[in-house]
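The values are calculated or read from the model by the stated rules, or taken from the named source; none is laboratory data. No experiment lies behind these values; they were computed from the predicted model shown. Quick reminder, even Gly has a Cβ in these numbers, built from the backbone with ideal geometry, and neighbours come from all protein chains shown. When the accessible area is computed, the model is the full protein with side chains, heavy atoms only, and any ligands, DNA or RNA have been set aside. Shrake-Rupley method; radii C 1.70, N 1.55, O 1.52, S 1.80 Å.
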Amino acid sequence: EVQLVESGGGSVQAGGSLRLSCAASGFTGSRYCMGWFRQAPGKEREVVATIYTDGGIGTFGAYYANGVQGRFAISQDSAKKTLYLQMSSLKPEDNAIYYCVRRRQALATMCPSDRSGYNYWGQGTQVTVSS
């Protein structure tokens, strides 16, 4: 059974930091996209960051949504099969449920930024930023 399990969410004051983790299990294949989406109350689910992995080479092609560029960093520990999202300088507008996503992708092109591009989702973790 494939699984994505997020952790690391919580409450923080504006300007603070959090690190989200996503543990992947049960997946096969060495070429894939992983990333983070978020959904705030009353809003559409939107991409936050994505990254491509080719097991024979490493991770590359990190993409960030405009609103998080320079504040968030996506990374992966392949040995631990864990994806991370380091979030700094958090703002109240970052309040949302954050979801980890994954899809198999043979070609080393940019990962999709639309939710329809991903067939595996975690259960989500809440991030609350107070002003």
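Summary of computed values
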quantity	calculated
Some residue of the stretch 111-119 being open to solvent by less than 70 Å² (accessible area, probe 1.4 Å), more than 20 Å from SER25 (Cβ to Cβ) and among the polar types (S, T, N, Q)	yes
Filter result for GLY9 (small (Gly, Ala, Ser) and touching a residue at least 12 places away in the same chain (Cβ under 8 Å))	yes
Residues of the stretch 26-46 that turn out to be open to solvent by 20 Å² or more (accessible area, probe 1.4 Å), within 23 Å of SER130 (Cα to Cα) and not in a loop (DSSP other than H, G, I, E, B), as a count	3
Search result, residues across the stretch 1-43 that are over 18 Å from SER113 (Cβ atoms) and of a type in the set (S, T, N, Q)	GLN3, SER7, SER11, GLN13, SER17, SER21, SER25, THR28, SER30
In the stretch 2-25, residue farthest from GLN76 (Cα to Cα) [restricted to those that are among the hydrophobic types (A, V, I, L, M, F, W, C) and surrounded by 15 or more Cβ atoms within 10 Å (Cβ to Cβ)]	VAL12
Some residue of the stretch 18-25 being in a loop (DSSP other than H, G, I, E, B) and either in contact (Cβ under 8 Å) with a residue 12 or more places away in the chain or over 16 Å from LYS91 (Cβ atoms) (or both)	no
Qualifying residue in the stretch 67-76 (condition: β-branched (Val, Ile, Thr), open to solvent by less than 60 Å² (accessible area, probe 1.4 Å) and out of contact with any His (no Cβ under 6 Å at 6 or more places or on another chain))	yes
Some residue of the stretch 79-96 being β-branched (Val, Ile, Thr), touching a residue at least 60 places away in the same chain (Cβ under 8 Å) and open to solvent by less than 50 Å² (accessible area, probe 1.4 Å)	yes
